[in-house]
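Scroll down for the structure; my scribbles are underneath it.
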Amino acid sequence: MAKLIEMRATWGETMLELTKTHPNLMVLDGDLGNSTMAQIVAYNAPDFYMNMGIAEQNMMGVAAGMASAGLIPWLSSFACFLANRDLDQLRVTVTQPKLNVKLAGHYSGILTGKTGKTHIDVEDIAILRALPHMTVVAPADSVECRQAVLALTDMPGPAYLRITRDASPVIFGEDYRFAIGPVVPIREGKDLTIFGTGVQTARALEACDLLASEGISAHLVHVPTLKPIDGNGIVAAARKTGRVLTTEDHNIIGGLGGAVAEVLGQHAPFPMKIHGLQDCYGESGPNDAMLEKYGLTPKHVALAAKALLNKAR
Amino acid sequence: MPIDPAPKRDLQARAVQVRKLILQAVHKAGAGHVGGPLSMVEIAVAMYFKILRIDPKNPQWPDRDRYVLSKGHSCIALYATLALRGFFPVEEVFTYDAMNSRMQGHPDMTKTPGIDMSSGSLGTGASPPLGMALAAKRLGKDFHTWVHLGDGEIQEGQVWEMAFVASQYQVDNLTAIVDYNKVQQFGFPKDGNLRRRVNPLVQVPEKWRAFGWHVIECDGHDFDALIPACEEAKTIKGRPACIVAHTIKGKGVSFMEGDYNWHAKVPSPEELAKALAELEAGVPVG
Ligand SMILES: Cc1ncc(C[n+]2csc(CCOP(=O)(O)OP(=O)(O)O)c2C)c(N)n1
Ligand SMILES: [Mg+2]
């Protein structure tokens, strides 16, 4: 069994670590410090932390101002609020002027601790990816999350980091090196190529085992950076098998599937299937039952792979 | 003017039932909010057992009064109240947060009978009630609309955008209730103590007054104060009314009161037992 770690805790600890090396760092919190783990900074490095209250639109604008004056603000709230509530402030005062503002979108995907439809953001990747100048990263596990926080902090310009709430499997070793951009081959295979992003990559990895037990060899590639998308890496990985499945804990519109289809449709059209949330909103429920109902378990990924192979044959 | 003692005792007993249901349901679900729901119990009970013109058998009745819980995270208090009022069976409250339940983690008007507006993203629930009140006027209907806001929630700009428009159009069939418990989720350090965190918002009544609203302050746990305040609010003409209800987050359970840590914490079996015992033995609130 892989080790399980909460990405939100990793984010908070990495923020605290950064306060020692980055005097210009500032964590802005939308009154969710005890959910997002911004509290780790609030309690241990209070000079680097400000609660902006329950007022996300103002928080986004404040971050823009801070960035324009040389600070590196990391906004911390739920993905649903960061991607939606303050979107106009984000586009006009952060992405249009290309300001150095970082967004930590916590509680992304459908596993949000039973909070339900308002807190389950099925559309954050689609929205953020559509903003010019924005970088969008969805780490697969805690190891990658930590490195992504470091890389995004040192990269100039706006960026969004997609973080999950509950402990999830660690799939990368300590020798793993994350870079903004390149796709990450996880497993070699010849029958189809599976692209995964965020924690869904770990579920896709389990799906590969299920498929292997049925004699199907899947080539698994993790896509941590949804924007800028690694077009060459995606085309090369697709060419290996000639059949492509994408899987994500996000709507099937505008997310990883959309990004991959934009690349392949123009440069290397192959039979393709997009797996994810079927254009619906979420609800409250325990994790296992949620993954089952919304079709995100490894079993569902394997079924989608088989459907693709049957169609492609 | 105090209300009659017999109905008051009945309301107090309802409040104890609601508090017990809140704690039991959150405990069973292993998730949900506690502090905010306990803060709003008397307000919900006063609304559904005294103030609102509603028909539990006909939740979609077009002429019903509207009540919108904008601080949607506290909905377990509303579910418990609606169940006791007959909108659905009390047992259903215990399906809170379960798969396919009508008792969602945040209010969903497409699922739960008696919910007049979906909410959960703070501030977004402030404006639809203004729309309902304006629609009533336009359609010549006499229903009254209530919007229940958190004191942390009113940090959201949208609340004040609504406040401006409501007074601009003299919307006197709308009443806001601010659940003024002086605590939010994480909040701000009190007197420099990082581990004691509060909502430092000050001059709340003055702010609503400055926006042109008629303001009534009262004890939000005392039916003798709350019910006359609601009745007064309905009589105000030419401008909207705002009841600033002084409340205590976690009210009714000694170790939860005023503590931000109980915003969304699940009581352990021991904590649940202790809390239920306190509620049963306790001096009636309200
Ligand atoms: C737009 C938005 N931002 C943040 C949250 C997360 N959140 C849920 S409850 C809460 C605190 C609410 O405090 P308050 O309004 O005072 O309610 P109460 O004290 O009655 O629980 C926060 C920050 C949210 N639900 N919506
Ligand atoms: Mg409060």
Given the options A:Thr95, A:Gly265, A:Asn287, identify the residue whose Cα lies farthest towards the positive end of the charge dipole of chain A (+1 on Cβ of Lys, Arg; -1 on Cβ of Asp, Glu). A:Gly265
Assigned charges on the beta-carbon of Lys, Arg, Asp, Glu; region B:5-281 dipole about Cα centre (debye): 260
Per residue of A:108-118, how many C-beta atoms from partner chains lie within 10 Å of its own C-beta, taken as a mean? 6
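Over 23 Å between C-alpha atoms is what I'm after, so list which of A:Lys117/A:Lys306; B:Lys28/B:Lys265; A:Lys190/A:Lys311; B:Lys71/B:Lys265; A:Lys3/A:Lys306 land there. Show your work: numbers first, answer last.
Numbers: A:Lys117/A:Lys306 30 Å; B:Lys28/B:Lys265 12 Å; A:Lys190/A:Lys311 17 Å; B:Lys71/B:Lys265 17 Å; A:Lys3/A:Lys306 29 Å.
In this structure, A:Lys117/A:Lys306; A:Lys3/A:Lys306 exceed 23 Å between Cα atoms.
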In degrees, nearest 10, range 0 to 90: what is the angle between the Cα axis of helix A:256-267 and the longest Cα principal axis of chain A? 60
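At R0 = 25 Å, how high is the FRET efficiency between A:Lys20 and A:Ala167 if r is their beta carbon distance? Nearest 0.05 is fine.
Computed FRET efficiency for A:Lys20 and A:Ala167: 0.45.
Go ahead and run the numbers for FRET between B:Glu217 and A:Tyr43, Cβ-Cβ distance against an R0 of 35 Å, rounding to 0.05. Working shown, then result.
Details: r = 35 Å, r/R0 = 0.99.
Efficiency for this residue pair is about 0.50.
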Counting only residues 5 or more apart in sequence or on a different chain, those whose built amide H sits under 5 Å from that of B:Val215 are B:Cys242
Evaluate the distance, in nm, between pseudo-label points positioned 7 Å from the Cα of A:Lys306 and of B:Glu232 along their respective Cα→Cβ axes. 6.9
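When the solvent-accessible surface of protein heavy atoms is calculated with a 1.4 angstrom probe, in what order do B:Glu280, B:Glu232 fall, highest first? Walk me through the intermediate numbers first.
Numbers: B:Glu280 120, B:Glu232 75 Å².
Largest to smallest exposure gives the sequence B:Glu280, B:Glu232.
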Find how many whole Å separate the alpha carbon centroid of region B:35-86 from the alpha carbon centroid of region B:210-251. 16
For region B:180-205 and region A:52-84, what is the centre-to-centre distance using only Cα atoms, to the nearest Å? 21
So, with a 1.4 angstrom probe, what is the percent of accessible area on region B:5-281 that is carbon and sulfur? 53
With every protein chain kept in place and ligands, DNA and RNA left out, what is the accessible area per residue of region B:5-281? Probe 1.4 Å, answer in Å². 36
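Translational D (Stokes-Einstein, µm²/s) of region B:5-281 at 10 °C and 1.306 mPa s when Rh comes from the Kirkwood sum over C-alpha pairs?
Working: Rh = 18.6 Å.
Approximately 85 µm²/s, per Stokes-Einstein.
If you place +1 on the Cβ of every Lys and Arg and -1 on the Cβ of every Asp and Glu, how big does the dipole about the Cα centre of region A:4-169 come out, in debye to the nearest 20?
Working: 12 positive and 16 negative charges, 44 e Å.
Charge dipole, region A:4-169, about its Cα centre: 220 debye, nearest 20.
Exposed loop GluC sites (Glu not before Pro) only (DSSP loop, at most 12 other Cβ atoms within 10 Å): please give the longest stretch of chain A free of them, not including the sites. Display every interim value, and only then the final one.
Numbers: sites that count: A:Glu174, A:Glu188, A:Glu214.
After excluding every exposed loop site, the longest remaining stretch is A:1-173.
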Expressed in nanometres to one decimal, the distance between label points 7 Å along Cα→Cβ at B:Met99 and A:Asn287 is 1.5
As a test of reading the structure, rank A:Ile186, A:Ile216 by solvent-accessible area (1.4 Å probe, protein chains only), most first. A:Ile186, A:Ile216
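For peptide B:95-101, how many partner chain Cβ atoms fall within 10 Å of a residue's Cβ, on average? Could the numbers behind the result be given before it?
On the way: counts 1, 2, 8, 5, 10, 5, 4.
The per-residue average across the peptide is 5.
How many square angstrom of accessible surface are buried between A and B, both sides summed, with a 1.4 Å probe and rounding to 100? Working shown, then result.
Numbers: alone 12270 and 12050 Å², together 21780 Å².
When A and B are taken together, about 2500 Å² of accessible area is lost.
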Any idea what the dipole of the protein assembly as shown comes to, in debye rounded to 20, about its Cα centre with Lys/Arg Cβ at +1 and Asp/Glu Cβ at -1? 960
Checked against the positive end of the charge dipole of chain A (+1 on Cβ of Lys and Arg, -1 on Cβ of Asp and Glu, about the Cα centre), the farthest of A:Leu256, A:Ala151, A:Pro23 is A:Leu256
Please give the residues of region B:63-86, grouped as numeric ranges, whose backbone N is less than 12 Å from a label point set 7 Å along the Cα-to-Cβ vector of B:Lys141. B:63-67
Obtain the nm distance between the two label points defined at B:Lys57 and B:Val202 by a simple spin-label model: each point lies 7 Å from its Cα along the Cα-to-C-beta direction. 5.4
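When Cβ neighbours within 10 Å are restricted to other protein chains, what is their mean count per residue of peptide A:81-94?
Working: counts 2, 0, 0, 2, 6, 0, 0, 0, 0, 0, 0, 0, 0, 0.
That average works out to 1.
The values are calculated or read from the model by the stated rules, or taken from the named source; none is laboratory data. None of these values were measured; they are calculated from a predicted model. All Cβ positions, even for glycine, are placed from backbone atoms using ideal geometry, and neighbour counts span all protein chains on display. Calculation scope for accessible area: heavy atoms of the full protein, side chains included, ligands and nucleic acids excluded. Shrake-Rupley method; radii C 1.70, N 1.55, O 1.52, S 1.80 Å.
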